[in-house]
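Shown next, in structure tokens, is the structure this report addresses.
Laboratory data are not the source of any read-out in this text; all were calculated from the coordinates shown. Given the structure is predicted, the values throughout are model-derived calculations rather than measurements.
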Amino acid sequence: MTKVVLNVEGMSCMHCVNAVKRAVGSLKGVAETTVDLAGKKVIVEFDPALVSINSVKEAIVDQGYSVV
Ligand SMILES: [Cu+2]
């Protein structure tokens, strides 16, 4: 498992948190998604053999947020 902390802009409420968690969590190979709303961070634990960090970033961007 690899753990990566992404800085994500645009999340403002629990709806955003849930949208990001659902989108990232639905990717095959993602074990855990934690969102730090105040800290504007998304912490993702994933298996790099199954999913790339770029796919994780894309899933977040697809929800309308930006990974900085
Ligand atoms: Cu929101």
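Listed values, structure above:
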read-out: Under-5 Å amide H pairs with Lys41, H placed in peptide plane, nonlocal only; value: Val8, Asp36
read-out: 5 angstrom amide H check on Glu32, placed H, neighbours 5+ away; value: Glu45
